[in-house]
Amino acid sequence: MATTLTLSSKNYSSWSLRGWLMARFAKIKFKEEMVGPDDLDARAELLLLAPSVRVPRLTHGDITVWDTLAIGEYLNEIKPDAGLLPAEAGARAHCRSICGEMHSGFSALRSALPMNLKANFPNFPVWSQAKGDIERVVEIWHDCLARYGGPYLFGPRRTLADAMYAPVATRFLTYNVPLDETCAAYCQTIMAMPEMAEWMADAKLEPDDIEELEVEF
């Protein structure tokens, strides 16, 4: 069945990364369709000024799914053996809960530390509200890694949760956020995935910058 995943910037778009990782974890073959940096809807989504139903968007035959969580749930339905959600009911509910928390929360973290894979900001001052979001992410990671044994949030297999939190790992590295050994190791686990290496390589080739996201303090 013909499948297309519509994405925006690979350097800046955390939601595009999440949807793309989910599709790769599901081992579904798809064609990438990129929305240009001059697209006003995509730019508004990247700048947190408006939600976008355009990216990421999965087109699978005559079915169209937008919103990252909806894409993840749909992929789990058509690829149940991919392990996008844990097999055990309690772990599955837990996974959905922390995915939902990332989907609807952490606005201060998003605003203060926008995803920018090509940049590095040492000694970056983090706003106090964003520090609360960072502490909550660290709490989630510690809980999951201790409860399910790692190296991923729900054990040895990547799930929707790892796709949802992968852009946070990139943010922590971009802005040199101090992390304890457990969380630093999880960031390295995420960045060591071959899918992340592929995405990072593509991001570095993007010629266009969005000035509003090139934060400097």
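Each reported figure results from applying straightforward, stated rules to the coordinates on display, with no laboratory input. These figures come from a predicted structure and were not determined experimentally. Cβ: placed from backbone, ideal geometry, glycine included. Neighbour counts: every protein chain shown.
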Item to complete: Would you indicate which of (1) 31, 20, 15; (2) 24, 23, 15; (3) 23, 21, 19 is the value of semi-axes √(5λ) of the Cα gyration tensor in Å derived from the coordinates of this structure?
Response: (2)
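Note the full-extension length gain between ILE63 and MET1 as 0.36 nm times their separation in residues minus their Cα-Cα distance, in nm to one decimal. Spell out each step's value before the answer.
Values: separation 62, 0.36 × 62 = 22.32 nm, distance 1.04 nm.
Contour length minus Cα-Cα distance gives 21.3 nm.
Of LYS29/LYS204; LYS131/LYS204; LYS10/LYS118; LYS29/LYS118, which pairs sit farther than 18 Å apart, going by alpha carbon to alpha carbon? Mind dumping the intermediate values first?
Working: LYS29/LYS204 23 Å; LYS131/LYS204 28 Å; LYS10/LYS118 10 Å; LYS29/LYS118 27 Å.
Beyond 18 Å: LYS29/LYS204; LYS131/LYS204; LYS29/LYS118.
Packing-wise, with mean Cβ within 10 Å as the measure, how do 101-111, 80-90 rank, highest first?
101-111, 80-90
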Discussion item. Return the Rg/Rh ratio of the stretch 136-198 with Cα-based radii and a Kirkwood Rh.
Written reply: 0.92
Fill in: Label point distance in nm, ASP143-GLU181, each placed 7 Å from Cα along Cα→Cβ
2.4 nm
